[in-house]
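> Sharing a structure below in structure tokens format, with a few things to ask.
The values are calculated or read from the model by the stated rules, or taken from the named source; none is laboratory data. Predicted model, so just to flag it, every value in this text is computed and none were measured. Neighbour counts are summed over all protein chains in view; Cβ atoms, including those assigned to glycine, are modelled from backbone coordinates with ideal geometry. These accessible areas exclude ligands, DNA and RNA; they are computed on the full protein's heavy atoms, side chains included. Shrake-Rupley method; radii C 1.70, N 1.55, O 1.52, S 1.80 Å.
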Amino acid sequence: MNRPRHYTAGASLVVLAGAGLIMATIAWRWGHLAYGIGVAAVVVGVVWTVALVARGTASRIALSTGAAVVIVAGAVVAVTGFPQSPPRWKMPADAQRPNGESARTGDLIIIGGTARHAETGAVAWAHEGPDATPLLVDDRLVVIGTKDGSIGVDPATGREIWRSTVAGRGIAHDGKVLVVAARDGAEATALDLATGATLWRQSGRAVMECDLGPVDRFSPAHEQSHVLLVRDEKRKGNVELIDLVEGRTIIADVDCSVAARIVGEVLLQADGKKLAGRSPADGRPLWSTSVEQPWHVDGSGSTVFTPTDRAEVVGIDVTTGRSSRIAPPPGTRKVQLVSGEQRTPDVWALLDVDSGAALWNPGTGRTVKIPEAVTIRVGNVDVSSGWIGLSGATRDFTGAKTDTCWAFSPDGRLSDPFPGRICFVDDGLLEIQGNVHPIL
């Protein structure tokens with residue numbers, strides 16, 4: 001007569017053992033295997049209890065199945081959270097993926113010669129096939145480069161406005177003139193953005209900046225009124241600053257051996273252990289400031305930032321050259337300016353802090369925590385737009401790790417975490433193995 005009671009006590013012990021294993025897993029981070037065994041024990045104990053209490057085979061089956069489904073579903077949701085919405089769209093296998101030469105205009109992403117709606121991936125218009133590249137992208141005009149030339153396109157309709165035989169990379173524009181550098185670096189050409197007419201030609205390689213030599217940092221073209229022209233690749237210290245409108249030389253002795261670029265109305269140039277500011281109007285010296293790493297200068301706003309050998313950064317006013325050391329939030333062990341290629345007004349640094357990881361804006365002091373991040377690294381930085389791709393791992397409450405990607409906007413918005421090891425962020429799009437998530 002006591003057998004049902006014994007069975008009920010046994011079922012209760014199985015439930016308690018399973019619950020204890022789950023709690024121990026959470027407390028000591030034993031991982032998914034121990035957690036799964038604990039959940040299985042709870043399911044077995046509950047089903048056993050139902051089988052003893054319920055009357056009738058049908059009732060036992062229904063109640064046991066329902067209890068098992070509820071327990072298992074709750075256990076899975078506890079680990080993974082509620083299911084995320086699926087990727088908004090998937091890149092076709094034969095299409096170009098977002099890359100460093102793609103860019104946004106309105107709700108369109110221009111990838112190669114194709115404009116897609118960022119929300120859906122639907123093609124709005126396309127020109128010149130898979131080998132095309134955007135040279136300039138804004139809300140008034142898109143310039144598409146081909147092997148044989150370039151075309152100006154209305155971004156809203158895809159209508160061709162003009163066509164030119166000038167081919168290469170879009171380097172810089174001022175809203176009226178676009179400088180295109182030939183792929184072989186032999187010539188720089190200025191195009192009238194209204195008509196596509198050639199305004200001037202100069203022998204040499206046009207670049208936006210120097211970083212231990214001339215580098216093609218921007219494409220599509222960055223908005224700026226000057227470019228650097230490298231007449232002779234072997235003479236890094238003999239680079240010229242020219243204006244976009246006429247192509248005339250403003251400064252003939254820019255030192256390109258370490259670092260040089262225009263920020264606002266100042267030419268920044270590394271000079272030994274100093275960062276110097278020069279007037280782009282006539283080349284005269286404006287200021288000189290000692291810094292530890294003059295070759296690593298982030299930002300394009302009124303203040304730029306350089307790293308130090310300690311957990312802090314130095315902010316430099318580009319107009320006056322005044323510098324100040326800026327300490328990160330308390331508890332920071334390490335500061336990493338996100339990338340030496342970050343060229344937007346808002347600069348972010350990746351922090352290793354006591355509570356995990358965070359992104360910190362040394363200009364505003366704002367900090368954005370990265371929840372549950374165990375490891376974190378910068379996957380890529382979209383130089384022109386300032387979007388940052390982050391890769392790493394998160395740990396759930398059982399202690400198990402998951403490869404994770406995030407997108408981070410220039411104004412400090414962190415996307416939801418998405419599972420994935422390798423990801424790429426481009427102007428508000430997070431792409432993981434062909435799956436595209438618009439982060440708006």
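> Where the accessible area of the chain is counted over protein heavy atoms with a 1.4 Å probe, how much of it, in %, is carbon and sulfur? Numbers along the way, then the final one.
Numbers: 11390 of 20650 Å².
Summing carbon and sulfur atoms, their accessible area is 55 percent of the total for the chain.
> For the range 1-77, restrict the atom set to alpha-carbon positions and state the Rg and Dmax in Å.
13.5, 43
> Using θ = phi - 60° and the Karplus relation 6.51 cos²θ - 1.76 cosθ + 1.60, list the HN-Hα couplings for the range 95-108 in order, rounded to whole Hz, with x at every Gly or Pro.
9, 5, 8, x, 8, x, 9, 9, 7, 9, 9, x, 9, 9
> Tell me, what ³J(HN,Hα) does each residue in the range 19-27 have, in order and in whole Hz, if you take phi through Karplus 6.51 cos²θ - 1.76 cosθ + 1.60 with θ = phi - 60° and put x for Gly and Pro?
Whole-Hz 3J(HN,Hα) from phi for the range 19-27: 4, x, 5, 4, 5, 5, 4, 5, 5.
> Mind checking the log10 I(q)/I(0) for the range 180-239 at q = 0.18, 0.29, 0.30 Å⁻¹? Debye, one equal scatterer per Cα, no solvent, two decimals.
Scattering profile of the range 180-239, log10 relative to I(0): -0.63, -1.39, -1.44.
> Given the range 281-344, report the % of alpha carbon pairs whose separation exceeds 19 Å. Working shown, then result.
Values: 677 of 2016 pairs.
For the range 281-344, the fraction of Cα-Cα distances above 19 Å is 34 percent.
> If all Cα-Cα distances of the range 1-152 are sorted into 5 Å bins from 0 onward, what percent lands in each bin, rounded to whole numbers?
Reading upward from the zero bin: 2, 8, 13, 12, 8, 6, 5, 5, 5, 7, 7, 7, 6, 4, 3, 2, 1, 0, 0.
> Can you check how the C-alpha radius of gyration of the chain compares to 2.2 N^0.38 Å, as a plain ratio?
On the way: Rg = 29.0 Å, N = 440, 2.2 N^0.38 = 22.2 Å.
This ratio for the chain stands at 1.30.
> Shifting gears a bit: Quick one: divide the alpha-carbon radius of gyration of the range 214-368 by 2.2 N^0.38 Å and tell me what you get.
Against the compact-globule rule of thumb, the ratio is 1.10.
> Considering just Cα atoms, how many Å³ per residue does the convex hull of the range 310-440 enclose? Intermediate results must be reported in sequence, preceding the final value.
On the way: hull volume 13.8 nm³, N = 131.
Looking at the range 310-440, the number lands at 105 Å³ per residue.
> Would you mind listing how long the range 121-260 runs along its three principal axes, going by Cα atoms, in whole Å with the largest first?
Each principal axis gives a Cα extent; for the range 121-260 these are 46, 28, 24 Å.
> Turning to a different aspect of this structure: For the chain, what is the accessible area per residue in Å² when the probe is 1.4 Å? Please list the in-between numbers first.
Working: 20650 Å² over 440 residues.
For the chain, the per-residue accessible area is 47 Å².
> At Arg140 and Arg29, where each label point lies 7 Å from the Cα along Cα→Cβ, what is the point-to-point distance in nanometres?
Output for this residue pair reads 5.5 nm.
> Net charge near His32: determine it from the other residues with C-beta under 14 Å of the C-beta of His32, scoring Lys and Arg +1 and Asp and Glu -1.
Values: positive: Arg29, Arg395, Lys401; negative: Asp396.
Within the 14 Å Cβ shell, the charges total +2.
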